[in-house]
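One structure, pasted below without further comment.
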Amino acid sequence: CAEVAMYRAKEMGRNNYQFYTPDMNARAHEFLEMENDLRRALDEDQFVLHYQPQVDMITGQLMGVEALLRWQHPQKGMIPPGDFIPLAEQTGLIIPIGDWVLRTACAQNRAWQDAGHPPVTMAVNISMRQFLQTDLVTEITRTLETTGLAPQFLEIEITESMLMSDFDNSLATLQALSRMGVRIAIDDFGSGFSSLSHLRLFPLHRLKIDRSFVRDLGDAPQSRAIAGSIVSLAWNLGLEPIAEGVEIEEQRDILCELGCRQAQGFLFARPLAAADFIEFLR
Ligand code: C2E
Ligand code: MG
Ligand code: MG
Ligand code: MG
C-alpha cells in the first residue's frame, strides 16, 4: 500500500536501503490497523475536545480558551493528539477531523454563551493540510452560520511554516478571515523559521510563545532573552503575546516582567473536559 510505503520511507529517511525484517511487517500492520481505527473513530464519535483556559496573569481574568483534540479509543483509552494527528495528516483524515473540531468548538462556545457565561474567544488549531488544501474560508463561514457563533469569538491557530509554505494563498485566506472578524494566532512561535519581514504582511492578532522558551525561563538566560525578544516583536507588530506551557510561578513572574501578561499552562489550568470547564467558569 502506497501510504504504508510512504510512511516507512519517511520513518527511515530517504535513499536509505533497508533489509526486510519481521519488525517492519509488524509496524506496517500496526499502521494499517490504526488508520482503520481512525476512520472508524469519526463515524463512531470517538473524538472529544478538551478546553484549556487562557488567562491574564495579572488580573486572573479568563481571556480565551484553546480547544485541544483527544481520541477516546475503545480499547486503548484516551490518546493525545501527538499520537494520531501525524497519521491523520498523512492519510488526509485530518480534513474531516478538522471540520469536526471546528464545528464542535464553535457549537460549544455558542452553547456556553447561550447558558449565560461571559463570552470567550475559542482558539482552534488548524492543520497544514486543512490550511493549504481546503477552502477554509468557506468552511469557517458555513460553520459560523450553522452554529450561530459570532466570528470574533473564533480564533484560528496556525504555525509559521504554514504561512511561509504558500505565501499568496495564505495571505488571501487570512485576509478573508480577518475581514470576517475571525482572529488569527501564530502557534508555537519561535520554533519555526519564518521571515520576520513577511510576518508583518499578515493580518494577525496574537503570537503564542513556544513552550520550549517558557520551560527554560528560570535557568537559561538565553531563553529569557529569546522570550523577551518575542514579546517585543509581538508588541512592535501590534500583536498580543501569549505564553504557552506556564507551569511554575517563576515563569509567570518573569513573563510578566518581560511584558507578556497572557498565558495558558498547568499553573492556571490543564485542558479540561467540557463539564469541568463549566466548573472552572463558575
Ligand atoms: P499546541 O497547539 O501548541 O497546544 C498546546 C499543548 O501544550 C497541548 O498539548 C497542551 O495540553 C499542552 N500544554 C498546555 N499547558 C501546558 C503546560 O503547562 N505544560 C506542558 N508540559 N504542556 C502544556 P496537547 O493537547 O497534547 O496537543 C498537542 C498538539 O496537538 C497541539 O499543540 C496542537 O499542535 C495539536 N493539536 C491539538 N488539537 C488539535 C486539533 O484539533 N487540530 C490540529 N490540527 N492539531 C491539534
Ligand atoms: Mg495551539
Ligand atoms: Mg502551541
Ligand atoms: Mg506547542
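The values are calculated or read from the model by the stated rules, or taken from the named source; none is laboratory data. Since the model is a prediction, treat every value here as computed from it, not as a measurement. Here the Cβ is made from the backbone with ideal geometry for all residues, glycine too, and neighbour counts use every protein chain on show.
For (1) more than 14 Å from Ala234 (Cα to Cα); (2) within 16 Å of ligand 4 (Cβ to nearest atom); (3) part of a loop (DSSP other than H, G, I, E, B), each residue gets a yes or a no:
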| residue | (1), (2), (3) |
| --- | --- |
| Ile156 | yes, yes, no |
| Ser161 | yes, yes, no |
| Ser178 | yes, no, no |
| Ile184 | no, no, no |
| Asp187 | no, yes, no |
| Ser191 | yes, yes, yes |
| Leu204 | no, no, yes |
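I'd like the residue in region 132-151 that is assigned to a helix (DSSP H, G or I) and at pLDDT below 95 and, out of all such residues, is farthest from Asp166 (Cα to Cα). Write out each step before concluding.
Within region 132-151, the subset assigned to a helix (DSSP H, G or I) is 132-133, 136-147, 151.
Checking the rest, the ones that are also at pLDDT below 95 come to 132-133.
Values: Leu132: 8, Gln133: 11 Å.
Here the residue is Gln133.
Based on this model, can you work out whether Asp253 counts as more than 30 Å from Arg110 (Cβ to Cβ), modelled with pLDDT under 95 and away from ligand 3 (no atom under 16 Å from the Cβ)?
On the way: more than 30 Å from Arg110 (Cβ to Cβ): yes; modelled with pLDDT under 95: no; away from ligand 3 (no atom under 16 Å from the Cβ): yes.
Against the criterion (more than 30 Å from Arg110 (Cβ to Cβ), modelled with pLDDT under 95 and away from ligand 3 (no atom under 16 Å from the Cβ)), Asp253 does not qualify.
Pull out all pairs, ordered by first then second residue, where Cβ-Cβ is under 8 Å, the residues are six or more apart or on different chains, the first lies in region 33-58 and is within 16 Å of Gly92 (Cα to Cα), and the second is charged (D, E, K, R) and surrounded by fewer than 16 Cβ atoms within 10 Å (Cβ to Cβ).
Final answer for the pair search is Glu35/Glu3.
Another question about this same structure. It is to be established whether one or more residues within region 227-244 are more than 22 Å from Met128 (Cα to Cα), among the polar types (S, T, N, Q) and crowded, with 18+ Cβ neighbours inside 10 Å.
Scanning region 227-244, I find no residue that is more than 22 Å from Met128 (Cα to Cα), among the polar types (S, T, N, Q) and crowded, with 18+ Cβ neighbours inside 10 Å, so the answer is no.
So which residues in region 206-225 are touching an Asp or Glu at 6+ places or on another chain (Cβ under 9 Å) and either within 12 Å of ligand 4 (Cβ to nearest atom) or assigned to a helix (DSSP H, G or I) (or both), if there are any at all? Reasoning before the result, please.
Step one: list which residues in region 206-225 are touching an Asp or Glu at 6+ places or on another chain (Cβ under 9 Å), which gives 206-212, 214-215, 217-218, 222-224.
Selection gives Lys208, Ile209, Asp210, Arg211, Ser212, Val214, Arg215, Gln222, Ser223, Arg224.
Could you list, in sequence order, the residues of region 234-243 that are among the aliphatic types (A, V, I, L, M) and part of a helix (DSSP H, G or I)? Can you show your working first?
Keep residues of region 234-243 that are among the aliphatic types (A, V, I, L, M), which gives 234, 237, 239, 242-243.
Selection gives Ala234 alone.
Leu163 passes all but one of (1) out of contact with any strand residue (DSSP E or B) (no Cβ under 7 Å at 6 or more places or on another chain); (2) away from ligand 3 (no atom under 16 Å from the Cβ); (3) not polar (S, T, N, Q); which number fails?
Here Leu163 meets the rest and fails (2).
Counting only residues that are outside any helix (DSSP H, G or I) and farther than 29 Å from Arg282 by Cα, how many does region 79-104 have?
Our first condition is that a residue be outside any helix (DSSP H, G or I); within region 79-104, this holds for 79-80, 84, 92-93.
With farther than 29 Å from Arg282 by Cα added as a condition, the list becomes 84, 92-93.
Residues in region 79-104 being outside any helix (DSSP H, G or I) and farther than 29 Å from Arg282 by Cα: 3 in total.
Among Met12, Met34, which is the only one that is over 30 Å from Thr121 (Cα atoms) and at pLDDT below 80?
Of the residues listed, the single one that is over 30 Å from Thr121 (Cα atoms) and at pLDDT below 80 is Met12.
Hey, can you tell me all the residues within region 107-128 that are within 16 Å of ligand 2 (Cβ to nearest atom), surrounded by fewer than 23 Cβ atoms within 10 Å (Cβ to Cβ) and touching a residue at least 40 places away in the same chain (Cβ under 8 Å)?
If the condition is that a residue be within 16 Å of ligand 2 (Cβ to nearest atom), surrounded by fewer than 23 Cβ atoms within 10 Å (Cβ to Cβ) and touching a residue at least 40 places away in the same chain (Cβ under 8 Å), then Val120, Thr121, Asn125, Ser127 are the ones that fit.
Among the candidates Val231, Val246, which residue alone is among the β-branched types (Val, Ile, Thr), touching a Gly at 6+ places or on another chain (Cβ under 7 Å) and assigned to a helix (DSSP H, G or I)? Give the steps one after another, and end with the answer.
Details: Val246 fails: assigned to a helix (DSSP H, G or I).
Criteria check complete, one pass: Val231.
Go through (1) of a type in the set (Val, Ile, Thr); (2) within 18 Å of the chain's Cα centre (by Cα); (3) part of a helix (DSSP H, G or I) for Val124 and report which single condition fails.
Failed condition: (3).
Kindly check whether there is at least one residue in region 65-78 that is of a type in the set (Lys, Arg), modelled with pLDDT under 95 and either within 16 Å of ligand 3 (Cβ to nearest atom) or not in a helix (DSSP H, G or I) (or both). Show your work before the answer.
Residues of region 65-78 of a type in the set (Lys, Arg): 70, 76.
Remaining after also requiring modelled with pLDDT under 95: 76.
Still in the running and either within 16 Å of ligand 3 (Cβ to nearest atom) or not in a helix (DSSP H, G or I) (or both): 76.
Checked against the condition, which is being of a type in the set (Lys, Arg), modelled with pLDDT under 95 and either within 16 Å of ligand 3 (Cβ to nearest atom) or not in a helix (DSSP H, G or I) (or both), region 65-78 yields at least one hit.
Being touching a residue at least 40 places away in the same chain (Cβ under 8 Å), crowded, with 20+ Cβ neighbours inside 10 Å and closer than 17 Å to Met122 by Cα: is that true of Leu69 here?
On the way: touching a residue at least 40 places away in the same chain (Cβ under 8 Å): yes; crowded, with 20+ Cβ neighbours inside 10 Å: yes; closer than 17 Å to Met122 by Cα: yes.
The answer is yes for Leu69.
Right, next: Restricting attention to region 258-282, and to residues there that are in contact with a helix residue (DSSP H, G or I) (Cβ under 9 Å, 6 or more places away or on another chain) and in a helix (DSSP H, G or I), which single residue is nearest to ligand 2 (Cβ to nearest atom)?
Step by step, filter region 258-282, then rank; the result is Phe277.
Right, here's the next one. Looking only at region 260-269, count every residue that is exposed (fewer than 13 other Cβ atoms within 10 Å of the Cβ) and either at pLDDT below 95 or more than 7 Å from ligand 1 (Cβ to nearest atom) (or both) and tell me the total. Show your work before the answer.
So the first thing to find is which residues in region 260-269 are exposed (fewer than 13 other Cβ atoms within 10 Å of the Cβ), and the list is 266.
Those left that are additionally either at pLDDT below 95 or more than 7 Å from ligand 1 (Cβ to nearest atom) (or both): none.
Adding up the residues that qualify gives 0.
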